[in-house]
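Okay, so here's the structure we're looking at.
Rule-based calculations on the coordinates, nothing more; no lab input. Please read these numbers as outputs of a predicted model, since none were measured by experiment. Every residue, glycine among them, receives a Cβ derived from its backbone with ideal geometry; neighbour counts consider all protein chains shown.
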Amino acid sequence: MSDAKFFAKGKAAELRLELMSDKKDKNYTRRKTALKKIVANMTMNNNEMIQLFPDVLDCIKLDSLEIKKMCFLYLINYCRLKPELANKALPALLDDLRDRSPLIRALSLRTISCIPLPAFNEALVDPLGRLLRDPDPYVRKTAAFGVAKLWASDGPLVEKSGLIQGVNQLLVDSNPTVVSAGLAALNDVTDKSEGMKLAIGYQDASKLVQILADCNEWSQTYILSSLMAYTPQDPAEALLMAERLSPRLQHSNASVVLGTIRVILYLTHYISDDTAVQGLVKRFGPPLVTLLSKPHEIQYVALRNCLLILQQYPHILQNDIKVFFCKYNDPIYIKATKLEIIFLLASEDNIKEILRELREYASEIDVQFVRKAVRAIGKLAIKIDAATRYCIDTLLDLVATRVSYIVQEATVVIKNIFRKYPNKYESIISVLCKNLDSLDEPEAKAAMIWIIGEYADRIENSDQLLDEFLFTFKEETIEVQLALLTATVKLFIQRPTKGQELVLQVLKWSTEDTDNPDLRDRGYMYWRLLSSASGNADITRQVVMSDKPTISVESDTLDARTLEELSLNIGSLSSVYLKPVSQIFKGSKVRHLEQSPALRRTDSNLESPVSPGYYPNYAGVNYFATSGGGDLLSD
Amino acid sequence: MSILAVYITDTNGQQLFEYPLSDSPPTNKMLQVALHDASADDVVLRVSSDELLFHRREDTLDFLVPCSSSIPALIPLEFISHLIKVLHDYFQPPLSRPKIEKNYSTIMMLLNEMIEDGYPFVTEENALRDLVPFTDGLSKYLPTLPKGAASSLKSLTSSRLSSKSFSSDSSHMRSNVPWRRSNVKHNNNELYVDIQETLSVIIPAASPMRQLLNSVNGGSNLTASAFYTPAVPQILAEPIVAIAHGSVFTTTKLSGVPDIQLILSFGNRVLEGPAFHPCVRLARWRERPGTLSFVPPDGKCCLLQYTISGVESGPIGGDLKTGLGPMKDEFEVRVWSRVPRNVKFVENLRAEVVFDGERVQNVKGTRASSGEFNIEKKGVGVWRFPGKTPMGWNASLRGTMVVNEELEAGPDGTVPQEFPKYIKISYDCQGMLVSGTKVESLRIVSGKGLDDRAKPYKGVKYLTHGKDIIIRG
């Protein structure tokens, strides 16, 4: 039977008839079908169905779980539109909270807690306290979530009811699923709350780790999240905990794997033994590689997190570089991230293999990716001194293809190579000069012009080359115009006779014919400099041809504090964007390492950005009563 | 951190199903706007200052899951994977618009169990079958069990959910096998093992230098191995990457609570990052790698996933030559099957010829020694070999790319000839695993509720799925 047939307008009256009780409708087949139609229509936002509210409510009492479920879905969907009618359903729902069947108790509990109406909220408080201690674990876990939902809809009501303490009790439940539900509920409440904070002591954390293996995958993710609320007080304790967690790295659920990595990375901040830390972190490699066989979206998140972990621990995947080689049919977001990882993993030992691979990417069809590959080659030249020659050879090989966008991209990166290694690889300038025609992008033009200006005395026809660029001066972007101005001045300083005519022309254009203030100001400054220092060319030279700060690729890597914050957020969006949470979402809670005698002193946490008393203490802060040494999780 | 809603739409963004989980989740319309504005590399979209959208396309449907911003990204992404798996289990793949429309109320009830307070909670198919009536293609809607004894008697005859399982259905949380459906009963006890490996290979372009070197060294020796005898002497480049991603599945239809030990051998290979189903006892594996000891969920389950790199390049080989013919404008693709042990044929063999669709207008003068070659979309020609392809066989395809006339000439005044950029070969090969992985033994250690005389183990199937055998041009 197809629900699709159920969409027919003007059906409300007809459906009402079908819902009427009828002795012939023995297994409620007819009414069940009618309800299916109503639910289907509701899903498709056919608001005509709201007319049937009283008729649907009449069916709640029928002795069929499936019918009940559909009535409840209806109720949840329309309760806000018809609160007074919804309230009428309350007595029946409350009756069901005492049903013999745990499934029905749980179902009705879940339904009531999903309805954010004051009458429902208030009516739930008392039974909820009882259901948190229900003999059936399925009901207890539903009750735990019920408290979180009730809190979201009426926080003060929950806080004065003592229900939070009730959930707290679930943390010592004999059933692991109930424990994790309790934790998830507390996590949810404390996440949204200003005043409350989860804190877990060693004994309790240790018990959570113990029950981890008996939980389903999602429960494991909640327990792993809440373990971040445990602050190790002793390095040995932190190490033991990390050791015991590491089997979770072999779970088939990717969110369990990344959740485990997050907790272990967090714990490493409290472990003093470096060798032990390295040993732990090394275990991340293989599971991360295995995630690369998952769907693209999951692969992407895994790769972004690899990137983050590699910044801190570059050696963990050193031997696996090939698994990050791109396939032409990978989506661009995967390719781009793999490329960044390849760049991070590059070293003197594997540089030749990597350059062969990057050279291959530079002949792909996807222009965006080709450009990224060429850039990566240029950056490698700067990153690994010993490999610069190979990188330049590869770039020259690419320039020889004479494909316009490759030549342009190569020009840009070669400029950076000149900045890193001044006066070293000038022989390649002549190759670049042969390809001036193919430059039509501002960035590439500006880069080439910079090279000409910088090496004006060594390029035989530098004046002619600049003159050619100057031909279109007025049409260029400001970036190119500024580059031309500076390069012409440099030419004049190095070869006054050849540059004299050009420099006058450019200064005139820059000061008289432009409405761009930057260009005009710079033009005037050069002009004054050249005219006032005319007697002392050395001063002008010192100013214009000064030594530039050397460049490195380090500026691309994250600073220690950001890295630390990101590593506490492994798996979250901020680890995907590689940006601190506060930059992505304003007002979100920033994670930081809690002070403890075991906390390793690093540059980033020497002065803690947040004082320990940052979160106002709430009476029930220590859900796990850490003070008593906490044997709370045992019976 | 929580899931705010679940939407299922068709690929045009038209809403087929909606399941709100919060007061006012972003509507499908808002999500469609966000998707429309997104660039290709936005896997996770920001819908508003504190809302994210996770999405995935499967079959012909889009699954959209808006979430609050603090959620760990893999939770919704894994949840979508699980949801798709559950829907496949309930309604058979591939999913389609009519299947969704036909089953609104069941999907509603499933999500009602799968998500609790915005968190994924129960996503195991086995546990769900205890909670939500399962309908397969054969039976109609099964009545759910009412609490009255009279009606439950009736339902016993027609339903696979017995009243007993109904009253104890929450006990699965108490048992130490949360992944196994309670009170499993089968008339025919059966157990199958399936091991599948997905093979990805990247073969570099054959440079003239390498060809020369190979011929000096005797060429074909490089490709001969303990496994294969090359059917055609080839001068071949060594693959840069050859990775097998393996999955070990069991399909168990066993009554009671069977405890199983499955021993695998991986030859001398190193298993990288094995990932296990929760039912596998990790301690046993650590004691003796290769030993899977477990109480399985009922039905199909993926016990183990693994990665092995540096494997053989598989039963099918291929190469690409360019610049052939009197005008030096022809290319030739060759594909051949090697002769591995115990394999008689491969199936669904095809070779995609990938070229620059902007620069190439057409492919002319194609001559295929067998199979059929057609341009199927911009930049991709597909060379198909329907049915079974025998071992020790080979085929070749020759042709010339017609360069788009509107292209600008290069600096030397001519438009350069275009050739294929990549060849991508794919196939299925039953009866062998490319890594050489094997089942050593399978034993039912104990089977509470299982007949002692039963010999349920029906054997193992090996399948190598050559997915991306990429030859670079």
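Against the globular-protein guess of 2.2 N^0.38 Å, express the Cα radius of gyration of the protein assembly as shown as a ratio, rounded to two decimals. It would help to have the intermediate numbers written out before the result.
Numbers: Rg = 33.7 Å, N = 1108, 2.2 N^0.38 = 31.6 Å.
Dividing the Cα radius of gyration by 2.2 N^0.38 Å gives 1.07.
Between residue B:270 and residue B:426, what is the FRET efficiency for a Förster distance of 22 Å, r being their Cβ-Cβ separation, to the nearest 0.05? Can you show the working numbers first?
Details: r = 26 Å, r/R0 = 1.18.
After rounding to 0.05, the efficiency reads 0.25.
Once fully extended, how much extra length lies between residue B:185 and residue B:415, figured as 0.36 nm per residue of separation less the alpha-carbon to alpha-carbon distance?
Details: separation 230, 0.36 × 230 = 82.80 nm, distance 7.09 nm.
Full extension of this stretch gives 75.7 nm more.
Would you mind ranking B:179, A:509 so that the residue whose beta carbon has the fewest other beta carbons within 10 Å leads the list?
Values: B:179 21, A:509 18.
In increasing order of surrounding Cβ atoms, one gets A:509, B:179.
How far is it, in nm, from the label point at residue B:92 to the one at residue B:261 when both lie 7 Å from their Cα along the line to the Cβ?
3.9 nm
What ranking of A:105, B:281 emerges when the number of other C-beta atoms within 10 Å of each C-beta is taken as an exposure proxy, fewest first? Please list the in-between numbers first.
Values: A:105 23, B:281 17.
Ordered from fewest to most neighbouring Cβ atoms within 10 Å, A:105, B:281 come out as B:281, A:105.
Quick check: residue separation of residue A:596 and residue A:440 times 0.36 nm, minus the Cα distance between them. What number comes out in nm? Intermediate results must be reported in sequence, preceding the final value.
Working: separation 156, 0.36 × 156 = 56.16 nm, distance 5.81 nm.
Additional length available on full extension: 50.3 nm.
With a cut-off of 8 Å between alpha carbons and a minimum separation of six or more residues, what is the relative contact order of chain A in percent?
Details: 778 pairs, mean separation 77.1, N = 635.
Once normalised by length, the contact order is 12 percent.
Can you compute the modelled spin-label distance between residue A:561 and residue B:339, with each label point 7 Å from Cα toward Cβ, in nm?
7.0 nm
On a 0 to 90° scale, report how tilted helix A:29-43 is relative to the longest principal axis of chain A, with both axes built from alpha carbons and the result rounded to the nearest 10.
Its long axis makes an angle of about 30 degrees.
Could you state the angle between the C-alpha long axis of helix A:254-268 and the longest principal axis of the C-alpha atoms of chain A, as a value from 0 to 90 degrees rounded to the nearest 10?
That helix lies at roughly 70 degrees to the long axis.
Determine which residues of region A:460-493 fall in the zone a paramagnetic label at residue A:426 would reach in this model, i.e. backbone nitrogen under 13 Å from the point 7 Å along Cα→Cβ.
Within reach of a label on residue A:426: A:460-462.
On C-alpha positions alone, give me the angle between the axis of helix A:332-345 and the longest principal axis of chain A, in degrees, nearest 10.
Helix A:332-345 and the main axis of chain A meet at about 70 degrees.
Taking 10 °C and 1.306 mPa s as the conditions, I'd like the Stokes-Einstein D for chain A in µm²/s, using the Kirkwood hydrodynamic radius from alpha carbon pairs.
Values: Rh = 30.3 Å.
Here the translational diffusion coefficient equals 52 µm²/s.
Of B:111, A:267, how do they rank once you tally other Cβ atoms within 10 Å and put the fewest first? If you can, show how the numbers build up before the last one.
Numbers: B:111 19, A:267 25.
Least to most surrounded, the residues fall as B:111, A:267.
Between residue B:30 and residue B:302, how high is the FRET efficiency from 1/(1 + (r/R0)^6) when r is the Cβ-Cβ distance and R₀ = 45 Å? Nearest 0.05.
Values: r = 36 Å, r/R0 = 0.79.
About 0.80, to the nearest 0.05.
Compute the label zone of residue A:531 within region A:484-515: residues whose backbone N is under 13 Å from the point 7 Å along Cα-to-Cβ.
Hits in region A:484-515 for residue A:531 at 13 Å: A:504, A:507-508, A:511-512.
So, counting K/R as plus one and D/E as minus one, what does the shell of residues with Cβ under 14 Å around residue A:463 add up to? Walk me through the numbers on the way to the answer.
Details: positive: A:458, A:490, A:495, A:498; negative: A:457, A:460, A:467, A:468, A:501.
My count for the surroundings of residue A:463 gives -1.
Evaluate E = 1/(1 + (r/R0)^6) for residue A:13 and residue B:361, where r is the Cβ-Cβ distance and R0 equals 56 Å; express this FRET efficiency to the nearest 0.05. Show your work: numbers first, answer last.
Working: r = 62 Å, r/R0 = 1.10.
According to the calculation, E is roughly 0.35.
Once you put a point 7 Å from the Cα of residue A:85 and another 7 Å from the Cα of residue B:368, both along the Cβ direction, what distance in nm separates them?
Result: 6.2 nm between the two label points.
Cα centroid distance between region B:415-438 and region B:48-116, in Å?
That distance is 33 Å.
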